[in-house]
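Take a look at the structure set out below.
The values are calculated or read from the model by the stated rules, or taken from the named source; none is laboratory data. For clarity, every value in this text was computed on a predicted model and none was experimentally measured. Glycine also receives a Cβ, built like all others from the backbone with ideal geometry; neighbour counts cover every protein chain displayed.
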Amino acid sequence: MIVARAAAVLAEHGVDTARTDAEWIVAHVAGVARSNLATDCCKVDEADVWPLVLRRANREPLAYVLGEWGFRRLILRCDARALVPRPETEQVVERAVELCNSLLQSSVRALDVGTGTGAIALALADEVGADVVAMDASEDALALARENAARLGLDVRFVGGDLRDGLPPGPFDLVVSNPPYVLPGELDALEPEVRDWEPREALVDEGQTEALVARALEVLRPGGVLLVEVHEGRAAELAATLQAVGYEGVRIGQDLAGRERMVEGRRA
Ligand SMILES: C[S@@+](CC[C@H](N)C(=O)[O-])C[C@H]1O[C@@H](n2cnc3c(N)ncnc32)[C@H](O)[C@@H]1O
């Protein structure tokens with residue numbers, strides 16, 4: 001069966017998830033759900049499968065090879081213009097949804113800083129009907145995010161700009177962000193899928209998190225919350241920074257694996 005042969009090629013090229021990735025690719029080409037592959041996939045044209053397998057064997061991220069990726073309830077278009085949305089970011093959205101729902105108001109104003117594919121912004125518009133502004137410094141990422149919004153029929157206002165120069169005018173109830181948080185010295189040790197394919201500006205921390213903490217105070221309403229995804233192992237440091245600049249109720253949140261991956265604080 002083609003899945004087994006494709007998986008063998010991917011394994012030879014060091015892909016850890018060779019079998020499942022082969023299944024994803026074959027199911028994608030066949031136009032069936034991966035879970036139904038065994039029963040639904042009677043015929044697939046191998047000529048359509050192998051180019052995708054070879055791209056994956058070249059360690060291109062599966063999401064780019066498929067051209068789409070699931071995030072929360074949405075299927076997002078994905079390509080090399082923006083970071084592939086991660087499961088830990090779905091947990092950040094989970095917390096953002098809780099925060100939005102805890103506000104006793106009909107509409108929440110939220111800002112997603114560094115929106116990439118638009119993942120966080122679009123999920124908030126979808127799940128809580130928030131009035132969302134999303135910003136990014138990358139015009140490529142913004143173009144992809146706009147395509148995703150249009151395809152999904154979700155209304156988000158996208159804004160270009162460098163967060164270090166300031167954020168779009170508030171007041172916002174929530175500022176949420178998954179900023180770049182890989183230190184330059186850590187880049188070489190990353191998996192080829194990340195290091196060689198995802199945009200460098202989406203990965204490398206060049207003072208964005210620190211700037212975000214200060215800039216968010218300028219656009220949050222009093223009582224509004226900043227929620228930030230952090231590098232594993234740096235949550236305590238970021239929580240201390242939030243406290244030092246005057247945020248209240250600072251807390252660290254965990255992802256599903258119990259790792260400290262988000263920090264939040266409330267503007268006084
Ligand atoms: C880690 S990615 C997160 C993308 C998306 N929010 C997600 O979680 O999938 C960080 C994003 O921040 C953007 N970015 C990097 N530096 C920035 C800056 N100085 N100002 C605004 N956006 C920036 C990048 O272009 C990238 O899209």
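Kindly indicate whether V84 is closer than 26 Å to G153 by Cβ, surrounded by 13 or more Cβ atoms within 10 Å (Cβ to Cβ) and either outside the structural domain of T117 (by TED's automatic domain parsing) or of a type outside the set (S, T, N, Q) (or both). Show your work before the answer.
Numbers: closer than 26 Å to G153 by Cβ: yes; surrounded by 13 or more Cβ atoms within 10 Å (Cβ to Cβ): yes; either outside the structural domain of T117 (by TED's automatic domain parsing) or of a type outside the set (S, T, N, Q) (or both): yes.
Criteria met by V84.
So in segment 145-171, with the set limited to residues that are free of Cβ contacts under 8 Å to residues at least 40 places away in the same chain and basic (K, R), which one is nearest to the ligand (Cβ to nearest atom)?
So the residue we want is R146.
Looking for whichever is farther than 23 Å from V97 by Cα and not assigned by TED's automatic domain parsing to the domain that holds H13 here; the options are E206, E229. Which one fits?
Values: E229 fails: farther than 23 Å from V97 by Cα.
Being farther than 23 Å from V97 by Cα and not assigned by TED's automatic domain parsing to the domain that holds H13 holds for just one of E206, E229, which is E206.
Residues in segment 80-97: is at least one under 25 Å from V32 (Cβ atoms), touching a residue at least 40 places away in the same chain (Cβ under 8 Å) and within 9 Å of the ligand (Cβ to nearest atom)?
yes
Kindly establish whether A96 is among the small types (G, A, S), in the same structural domain as L226 (by TED's automatic domain parsing) and modelled with pLDDT of 95 or more. Even if it seems obvious, please write down each step before you answer.
Numbers: among the small types (G, A, S): yes; in the same structural domain as L226 (by TED's automatic domain parsing): yes; modelled with pLDDT of 95 or more: yes.
Yes, satisfied.
Applying the selection to segment 170-185, what residues are over 20 Å from the mean Cα position of the chain (by Cα) and within 18 Å of V225 (Cβ to Cβ)?
G170, P171, F172, D173
Which residue is modelled with the lowest pLDDT, if the candidates are limited to segment 1-43 and must be closer than 23 Å to G70 by Cα and of a type in the set (D, E, K, R)?
Let us first name the residues in segment 1-43 that are closer than 23 Å to G70 by Cα, namely 3, 6-7, 10, 15-41.
Okay, now just the ones that are also of a type in the set (D, E, K, R), so 16, 19, 21, 23, 34, 40.
On the way: D16: 95, R19: 95, D21: 97, E23: 94, R34: 86, D40: 59.
Among them, the one singled out is D40.
Collect the residues in segment 191-213 that are within 13 Å of the ligand (Cβ to nearest atom) and of a type in the set (A, V, I, L, M, F, W, C), keeping them in residue-number order. Don't jump to the end; show me each part of the working.
Here is the first cut: in segment 191-213, the residues within 13 Å of the ligand (Cβ to nearest atom) are 194, 198-212.
Matches in segment 191-213: V194, A202, L203, V204, A211, L212.
Is it true that V250 is within 24 Å of G161 (Cα to Cα), assigned to a strand (DSSP E or B) and either over 19 Å from the mean Cα position of the chain (by Cα) or of a type outside the set (D, E, K, R) (or both)?
Taking the combined requirement at face value, the residue does not satisfy it.
Quick test of your reading of the structure: L174 fulfils all but one of (1) in contact with a strand residue (DSSP E or B) (Cβ under 7 Å, 6 or more places away or on another chain); (2) within 12 Å of the ligand (Cβ to nearest atom). Name the failing condition by number.
(2)
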